[in-house]
Amino acid sequence: MRAIFVLFDTLNRHYLEPYGADLMKTPNFQRLAEKSVRFDTHYVGSLPCMPARRDLQTGRLTFMHRSWGPLEPFDTAMTEVMKKQGIYSHLITDHYHYLEVGGAGYQNTFTSFEFRRGQEGDVWKAHVAPDLDRYRKEYHPDQFSDKLGDLPLHYMINRDYIREEADFSSVKCFDLGCEFLETNKDADNWFLQIETFDPHEPFHAPERLRAQFPTDYDGPIRDWPPYARVTQGDTEAAELRANYMALLAHCDEQMGRLLDRMDALDLWKDTMLVVSTDHGYLTGEHDWWAKNKMPAYQEIAHIPLFIHHPDHADAAGGSRDALSQTPDLMPTFLEAFGCDIPESVRGKSLLPVLRDAKTQNHESVIFGYFGGAINVTDGRYTYFRYPENLLDQTLFQYTLLPSHMRQYFIRDEMKQATLVTNLDYAEGYPVMRIPVIAQSPWYSSHGPAAMVGSETLLFDITTDALQENPLADDGLHQAMAAKLMREMQRHNAPPEAFARLNLSPDAETSSWQN
């Protein structure tokens with residue numbers, strides 16, 4: 001068996017033609033859909049970027065125990081399992097968060113890996129005295145910064161080195177992916193992960209693609225939406241969306257290059273191909289930009305998934321409505337390679353769903369951000385369960401590597417740390433239990449102080465796909481709360497995860513009003 005996993009970042013399924021979108025053309029995703037099985041009810045797990053990747057590697061949800069962080073010593077990584085059973089794994093990526101303290105360990109589980117630099121605020125090129133006067137004229141004031149270490153400043157510097165299409169790091173990633181296929185086309189037992197930060201913001205795309213989405217905007221570069229409410233006028237908002245579509249068109253072309261190479265090398269007959277993303281993105285829907293702050297609406301949580309398996313080529317062009325989510329990919333790959341699936345895994349292989357369209361792996365799945373709502377869907381309803389007060393709740397981080405996105409836990413966070421020895425998923429390791437405090441750098445950047453809203457919401461997504469009309473049906477709220485609790489228990493949620501949501505794991509139902 002050979003397998004290719006293409007992981008885009010921030011891929012909104014509502015822009016993809018195979019999912020019925022008519023906002024733009026995505027011909028190569030359409031080609032992909034014709035060669036694979038499209039999963040129509042696929043959801044995120046832990047959010048955002050690195051928590052999703054930990055789910056991918058471990059096959060279990062992590063957001064109820066930990067915020068953004070590295071792979072832990074007790075995590076059983078998919079590619080480590082492969083390595084022990086003789087499967088060669090290779091990572092090609094420009095996802096620069098792997099290079100930060102909060103992204104440590106992931107790439108080291110692969111047999112080999114290659115990085116390409118320059119995305120977003122990647123600290124790539126060294127300009128001690130950048131041309132700030134020029135940048136101030138070229139970029140919109142809302143995405144300009146002259147502060148040392150700020151992401152926007154590094155982005156402006158990085159863009160100076162992306163002059164031709166060949167300079168885009170996403171192009172380089174697919175270059176390397178095609179090179180790997182050419183080099184290893186006659187070898188067996190390998191897993192290739194091609195991962196690109198695109199179409200994550202800022203939405204910098206080749207100019208010829210940007211020209212395909214004209215707007216009336218006439219101003220400095222405006223390609224980086226804020227993580228905030230939509231306050232821009234229609235023209236500026238249209239410019240931001242057009243830049244997203246141009247970058248998505250760029251991703252579509254890169255996908256096409258890979259499909260061309262698979263055609264040329266006749267890989268479809270013996271190579272598995274899986275394409276997905278870590279999460280979606282709001283481009284003005286619900287009056288919001290981006291993610292993290294607001295509820296995990298469908299545009300964020302309901303994500304694309306395509307699977308081609310040579311043993312199920314007869315299903316190509318079809319679809320599955322079985323409920324699935326990100327942690328299911330880990331056991332799917334392991335089963336495809338005949339590897340043992342660790343007992344700690346809570347995801348379920350999707351190969352049975354490929355074999356039989358009637359197979360249903362999950363009654364419901366849960367997803368969310370650490371410290372925010374815990375959300376559940378059964379494929380028809382989505383239920384967002386919030387704590388009564390985001391800023392007044394008991395939270396603990398469980399970790400042996402206390403690091404946030406770009407820095408370690410501060411001294412005040414560590415003062416009350418204790419060791420716990422009874423975590424079912426920790427493989428016998430004693431693990432630090434660290435109280436969440438408002439002084440934490442994470443608390444205001446990605447945590448409760450950055451989130452908006454504490455109202456528990458229920459939607460029927462079959463009749464209200466845009467999630468505009470919350471339901472107040474007591475019976476449905478209690479039924480979804482019961483499903484939420486069962487999934488929390490299955491994923492070994494800590495006791496405080498139930499308490500913060502006013503849920504009792506010993507009860508069938510619980511009060512939903514908070």
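The values are calculated or read from the model by the stated rules, or taken from the named source; none is laboratory data. Just so we're clear, the structure is a prediction, and the values are computed from it rather than from any experiment. Positions of Cβ are backbone-derived with ideal geometry, glycine not excepted, and every protein chain shown enters the neighbour counts.
Count, please, the residues in region 356-367 that happen to be closer than 16 Å to Y43 by Cα and surrounded by fewer than 24 Cβ atoms within 10 Å (Cβ to Cβ).
5
Inside region 411-433, can you point out the residues that are charged (D, E, K, R) and in a loop (DSSP other than H, G, I, E, B)?
K415, D424, E427
What tally of residues in region 168-220 results from selecting those that are in a loop (DSSP other than H, G, I, E, B) and more than 13 Å from I4 (Cβ to Cβ)?
25
Of everything in region 256-293, what is part of a strand (DSSP E or B) and out of contact with any strand residue (DSSP E or B) (no Cβ under 9 Å at 6 or more places or on another chain)? Give them in sequence order.
none
Scan region 177-208 residue by residue and report those that are buried (at least 19 other Cβ atoms within 10 Å of the Cβ) and among the aliphatic types (A, V, I, L, M).
L181, L192, I194, A205, listed by residue number.
Does region 402-409 contain any residue that is of a type in the set (D, E, K, R), closer than 23 Å to K293 by Cα and assigned by TED's automatic domain parsing to the domain that holds F459?
Looking through region 402-409, at least one residue is of a type in the set (D, E, K, R), closer than 23 Å to K293 by Cα and assigned by TED's automatic domain parsing to the domain that holds F459.
Taking the stated definitions as given, is Q85 closer than 20 Å to G59 by Cβ, free of Cβ contacts under 8 Å to residues at least 40 places away in the same chain and not charged (D, E, K, R)?
no
Here is a list: A249, A296. Which entry is in a loop (DSSP other than H, G, I, E, B), under 20 Å from the mean Cα position of the chain (by Cα) and under 29 Å from V37 (Cβ atoms)?
The match here is A296.
Return only the number of the condition from (1) crowded, with 18+ Cβ neighbours inside 10 Å; (2) of a type in the set (S, T, N, Q); (3) touching a strand residue (DSSP E or B) at 6+ places or on another chain (Cβ under 8 Å) that S349 does not satisfy.
Of everything listed in (1) crowded, with 18+ Cβ neighbours inside 10 Å; (2) of a type in the set (S, T, N, Q); (3) touching a strand residue (DSSP E or B) at 6+ places or on another chain (Cβ under 8 Å), S349 misses just condition (3).
Testing T462 on (1) closer than 15 Å to T399 by Cβ; (2) among the β-branched types (V, I, T); (3) surrounded by fewer than 17 Cβ atoms within 10 Å (Cβ to Cβ), one condition comes back false. Which one is that?
For T462, the failing item is (1).
So in region 418-450, with the set limited to residues that are in contact (Cβ under 8 Å) with a residue 12 or more places away in the chain and of a type in the set (S, T, N, Q), which one is surrounded by the most Cβ atoms within 10 Å (Cβ to Cβ)?
S440
Evaluate the following for A296: is it in contact with a Phe, Trp or Tyr (Cβ under 9 Å, 6 or more places away or on another chain) and surrounded by fewer than 20 Cβ atoms within 10 Å (Cβ to Cβ)?
It is false that A296 is in contact with a Phe, Trp or Tyr (Cβ under 9 Å, 6 or more places away or on another chain) and surrounded by fewer than 20 Cβ atoms within 10 Å (Cβ to Cβ).
Among the residues of region 131-166, count how many are in a helix (DSSP H, G or I), in contact (Cβ under 8 Å) with a residue 24 or more places away in the chain and closer than 18 Å to E253 by Cβ.
Counting residues in region 131-166 that are in a helix (DSSP H, G or I), in contact (Cβ under 8 Å) with a residue 24 or more places away in the chain and closer than 18 Å to E253 by Cβ gives 1.
Residues checked against (1) over 26 Å from the mean Cα position of the chain (by Cα); (2) free of Cβ contacts under 8 Å to residues at least 12 places away in the same chain; (3) over 27 Å from H154 (Cβ atoms); (4) in a helix (DSSP H, G or I):
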| site | (1), (2), (3), (4) |
| --- | --- |
| P225 | no, no, no, no |
| Q232 | yes, yes, no, no |
| L240 | no, no, no, yes |
| Q254 | no, no, no, yes |
